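Working notes, structure below.
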Amino acid sequence: MKKKLTGILSSLAFVATAVTLWGATGAVSDPQQKLERTAFQVAAPYADDIHLCSDVAIVYGIDAGMPNRVKGWRERGYRVHVMTGVSWGEYQDYLYGRFDGENHEDEAQTDRAGNKISHGGDVYYMSPGENYGKFLCVGVKRALDAGVEAIHLEEPEFWVRAGYSEGFKAEWKEYYQEDWQAPHGSVEAQWKASKLKYYLYRRALQQVFDFIQEYNREHGKEVKCYVPTHSLLNYAHWDIVSPESSLARLKGCDGYIAQVWTGTSRTPNFYKGTLKERTFETAFLEYSSMYNLVRSTGRIVWYLNDPVEDNPAHDWNDYRTNWESTLTASLLQPEVWRYEVMPWPDRVFRGKYPSSVPAEERQGIPPEYATELQVVMRALNDMNQSDWAWDHKSSRVGQLVSDSLMFQRGELGSDRHLGHVYGMALPLLKRGIPVEMVQLENVEIKDYLKDYALLLLSYSGMKPLSPDVHPPIAEWVKKGGILVIVDDDADPFNGVKEWWNSGSMKYATPRHHLMETLGIKEKPKQPAKEGQTYRAGRGRVYLQPEVPVSITATANGDELFMERLRAVCGRKVKFDERSSLALRRGHYFIAAGLDESVEGDPWGVDGRFVNLFDPELKLLTSVDFTPGSRYFLLNLDKAQKPGKPSVLAAACRVLDEEFQSEGKSKEHGTLSCRVDGIAGTQAVMLCSVPATPKEIWLGEEKLSDFKMDVIAQLLWIRFPNQASQRQLKIIY
């Protein structure tokens, strides 16, 4: 979980008086800001050293001091949202009866030993009762009255190991009309406990959504509602139940923040029989699963990155390397162009972490990392690029995943390393094929599956929550799709009392219902786990009777799986296998070199580029995507416009950019703009200008720290950032 520094909010209410504010003069004039392209969440009041220059400041907490924090960030020109925890927070008024006269300690999530699950002290994860949503509405109203543009209700989380409190037992009795069963007692009880947890937080969120919608009607407002949440893959991996895709069906939910960062993505998984961290690959699949929550629903998603992470024991080099991996993975999702650039900027810019040299003391952020972050954050405002294309010829491939991945966890659950997901996904991804996590609950949306050539599926580790998902899959296959099912039907959760074995349904597993929906009569099982291929309309179904976990268990399991895929798909699916993933997005080029991949010379690209992960912004004419490399490239051949001087990249905000020429001369003129950034950091700016500057002015100061490449018509300028806006003039 993202640490919220329990108790900090109550101490922040009066800190704003110690912070220098701009007042109304701090407002910026960026017409694109209303798009809310970039955001960050912050519990601290405004300060110059955390002035990130994003479109949105998401103020954390609904305590009494929150309105002052909102006011401070707004006065500095930010659009302001408010975020609060859903599953935990400083909610003692509710716990101890000061809210409604009833003690609600029995709603604290409790494990089988009777221990309340705490985030620190008496800040408990909650099993939300009927009044819990009403309690949250009181604090939310404080934010609404402060005039915020949106409310974020973050991390509705119910631990799998919980389910033993008296409050949960009462909810079980009400929901199932039967006595509570210990979740660890049987797969049936575990499944039912998870379904109830899934429902309870959906109910609590709907209460708050309804309250905000009513407030909007009464006050003529359009306050949005978002849910910052970890990915389905991470919640399943960490043994947590959350409403996930079902929230998109709730009235009043406008979208999500995808809380994917180093801390989630470095969770080890198996591949080629080896358990280790695979941060880039895991992040890629996590971001993909979050996009597929909103794809075709009309809702939006921000992708979160974190330049550090919750664990303070890692060094700056570790944080930086892993941040570049998660950031690259997020950029390789071309349909998404909104980002939460970081949580807790004070943790990043004020925190001290171990040096890469063990004997040295903890250090603040390295200056070059602070510069790099600002270069990247500015570029993230420019990622709404409709002109994009993968640098490969692979067909579109998806893997179906369901929210029920979270239900089959705990002591009786599925593979603890989520091998039933990664077993099928990693062999493709490691070969440069961008397999997507496709949300099973969304397949009923019109044309949701239309563009896929191949879908992978296993009901080992998850189950379809409704039979209604099978007809769209069958229709897709019959139109020419290829469905590969890897499942030995031995998952004990096939026996839970559910739709496929209740009422008129008499199927041993939900997979059998799918095959019948496809019109396929299965052949008898073959020896040695040999697979079978079936025709269905213009498409085909391949059934391999094994569990996906087995693919990850051996050093050559991935190649055996790929051999099957190549044989089954033939010419209908193109696998352009290579040791990198690369994507062109407008005038940007994003690439990741892959380890544990195909052998041979690395792929690469020639041209004129600047790597935005390089705080020096050096000119590159050739880039090789070697294993482990990460690139966020600005393509200068596309970004530079002849006869149009401009700022190409900068470790600061750049506003009101303007060029004035002197008469008809192409080599005489002035490029001007306003700049501001994080106080105490170093700015670097890369500009396209036709001639060496005569003078460069920053406010009243004449700058001398610049370098010109006359042939490339590139100018590098360096100066200390300030939070106040200054006029920059380049006279050449």
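The values are calculated or read from the model by the stated rules, or taken from the named source; none is laboratory data. Here the structure is a predicted model, which means the values were calculated and not measured. Neighbour counts are summed over all protein chains in view; Cβ atoms, including those assigned to glycine, are modelled from backbone coordinates with ideal geometry. Note: accessible area is taken over every heavy atom of the protein model, side chains too, but ligands, DNA and RNA are not part of it. Shrake-Rupley method; radii C 1.70, N 1.55, O 1.52, S 1.80 Å.
Please enumerate the residues belonging to region 262-318 that are free of Cβ contacts under 8 Å to residues at least 40 places away in the same chain and under 30 Å from K251 (Cα atoms).
Matches in region 262-318: T264, G298.
Which one of these is within 22 Å of A591 (Cβ to Cβ), open to solvent by less than 10 Å² (accessible area, probe 1.4 Å) and either outside any loop (DSSP other than H, G, I, E, B) or aromatic (F, W, Y) (or both): Y256, Y287, Y291?
Exactly one of Y256, Y287, Y291 is within 22 Å of A591 (Cβ to Cβ), open to solvent by less than 10 Å² (accessible area, probe 1.4 Å) and either outside any loop (DSSP other than H, G, I, E, B) or aromatic (F, W, Y) (or both), namely Y287.
Looking only at region 397-406, decide whether some residue is hydroxyl-bearing (S, T, Y), closer than 23 Å to P471 by Cβ, out of contact with any helix residue (DSSP H, G or I) (no Cβ under 6 Å at 6 or more places or on another chain) and without any contact (Cβ under 8 Å) to a residue 60 or more places away in the chain.
No, every residue in region 397-406 fails to be hydroxyl-bearing (S, T, Y), closer than 23 Å to P471 by Cβ, out of contact with any helix residue (DSSP H, G or I) (no Cβ under 6 Å at 6 or more places or on another chain) and without any contact (Cβ under 8 Å) to a residue 60 or more places away in the chain.
Residue-by-condition table, conditions (1) within 17 Å of A389 (Cα to Cα); (2) surrounded by 15 or more Cβ atoms within 10 Å (Cβ to Cβ):
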| residue | (1), (2) |
| --- | --- |
| S579 | no, yes |
| F589 | yes, yes |
| D595 | no, no |
| D601 | no, no |
| R608 | no, yes |
| L612 | no, yes |
| L619 | no, yes |
| F632 | yes, yes |
| E658 | no, no |
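Give the number of residues within region 360-372 that are assigned to a helix (DSSP H, G or I), closer than 10 Å to W316 by Cα and either of a type in the set (V, I, T) or open to solvent by 30 Å² or more (accessible area, probe 1.4 Å) (or both).
Final tally of qualifying residues: 0.
Please state which one of R564, R578 is of a type in the set (K, R) and assigned to a helix (DSSP H, G or I).
R564
Report, ordered by the first and then the second residue, all pairs with beta carbons closer than 8 Å, sequence separation of six or more or different chains, a first member in region 651-677 that is part of a strand (DSSP E or B), and a second member that is among the small types (G, A, S) and open to solvent by 50 Å² or more (accessible area, probe 1.4 Å).
That search, which allows pairs on different chains as well, returns L655/S29; D656/S29; G669/S661.
Can you tell me how many residues in region 294-319 are under 14 Å from the mean Cα position of the chain (by Cα) and either assigned to a helix (DSSP H, G or I) or of a type in the set (S, T, Y) (or both)?
Qualifying residue count for the region: 2.
With part of a loop (DSSP other than H, G, I, E, B), open to solvent by less than 10 Å² (accessible area, probe 1.4 Å) and at pLDDT 95 or above as the only criterion, which of Y422, Y448, Y507 stands out?
Unique residue meeting the criteria: Y448.
Can you find a residue in region 236-246 that is assigned to a helix (DSSP H, G or I) and under 30 Å from T554 (Cβ atoms)?
Looking through region 236-246, at least one residue is assigned to a helix (DSSP H, G or I) and under 30 Å from T554 (Cβ atoms).
So how many residues does region 493-503 have that are charged (D, E, K, R) and assigned to a helix (DSSP H, G or I)?
0
Go through F706, F625 for me and flag whichever is surrounded by fewer than 18 Cβ atoms within 10 Å (Cβ to Cβ), touching a strand residue (DSSP E or B) at 6+ places or on another chain (Cβ under 9 Å) and aromatic (F, W, Y).
Matching residue, one of F706, F625: F706.
Among the numbered criteria (1) crowded, with 23+ Cβ neighbours inside 10 Å; (2) of a type outside the set (F, W, Y); (3) under 19 Å from T229 (Cβ atoms), which single criterion is violated by V148?
Evaluating V148 over (1) crowded, with 23+ Cβ neighbours inside 10 Å; (2) of a type outside the set (F, W, Y); (3) under 19 Å from T229 (Cβ atoms) leaves (3) as the failure.
From (1) part of a loop (DSSP other than H, G, I, E, B); (2) open to solvent by 10 Å² or more (accessible area, probe 1.4 Å); (3) in contact (Cβ under 8 Å) with a residue 60 or more places away in the chain, pick out the condition that doesn't hold for V357.
Of everything listed in (1) part of a loop (DSSP other than H, G, I, E, B); (2) open to solvent by 10 Å² or more (accessible area, probe 1.4 Å); (3) in contact (Cβ under 8 Å) with a residue 60 or more places away in the chain, V357 misses just condition (3).
Could you check, for region 219-238, whether at least one of its residues is closer than 30 Å to F270 by Cβ, surrounded by fewer than 19 Cβ atoms within 10 Å (Cβ to Cβ) and of a type outside the set (G, A, S)?
yes
Yes or no: region 124-140 includes at least one residue that is modelled with pLDDT of 95 or more, closer than 22 Å to A64 by Cα and either β-branched (V, I, T) or open to solvent by 70 Å² or more (accessible area, probe 1.4 Å) (or both).
Yes, there is a match, as at least one residue in region 124-140 is modelled with pLDDT of 95 or more, closer than 22 Å to A64 by Cα and either β-branched (V, I, T) or open to solvent by 70 Å² or more (accessible area, probe 1.4 Å) (or both).
Is there any pair with a first residue in region 705-719 that is within 12 Å of I730 (Cβ to Cβ) and a second that is of a type outside the set (A, V, I, L, M, F, W, C) and surrounded by fewer than 12 Cβ atoms within 10 Å (Cβ to Cβ) whose Cβ atoms are under 6 Å apart and which are 6 or more apart or on different chains, and what are they?
W716/K707
Taking the condition of being open to solvent by 10 Å² or more (accessible area, probe 1.4 Å) and within 25 Å of V301 (Cβ to Cβ), how many residues in region 53-71 meet it?
Looking only at that region, the number is 3.
Out of all the residues in region 265-272, is one or more within 20 Å of G398 (Cβ to Cβ), open to solvent by 10 Å² or more (accessible area, probe 1.4 Å) and at pLDDT 95 or above?
Checked region 265-272: no residue is within 20 Å of G398 (Cβ to Cβ), open to solvent by 10 Å² or more (accessible area, probe 1.4 Å) and at pLDDT 95 or above.
Is it the case that S665 is on the phi < 0 side of the Ramachandran plot and in contact with a strand residue (DSSP E or B) (Cβ under 6 Å, 6 or more places away or on another chain)?
Against the criterion (on the phi < 0 side of the Ramachandran plot and in contact with a strand residue (DSSP E or B) (Cβ under 6 Å, 6 or more places away or on another chain)), S665 does not qualify.
Please enumerate the residues belonging to region 475-492 that are open to solvent by 10 Å² or more (accessible area, probe 1.4 Å), within 18 Å of G519 (Cβ to Cβ) and not in a helix (DSSP H, G or I).
Result: K479, G480.
State the number of residues belonging to region 534-560 that are open to solvent by 70 Å² or more (accessible area, probe 1.4 Å) and in contact with a helix residue (DSSP H, G or I) (Cβ under 8 Å, 6 or more places away or on another chain).
Count: 2.
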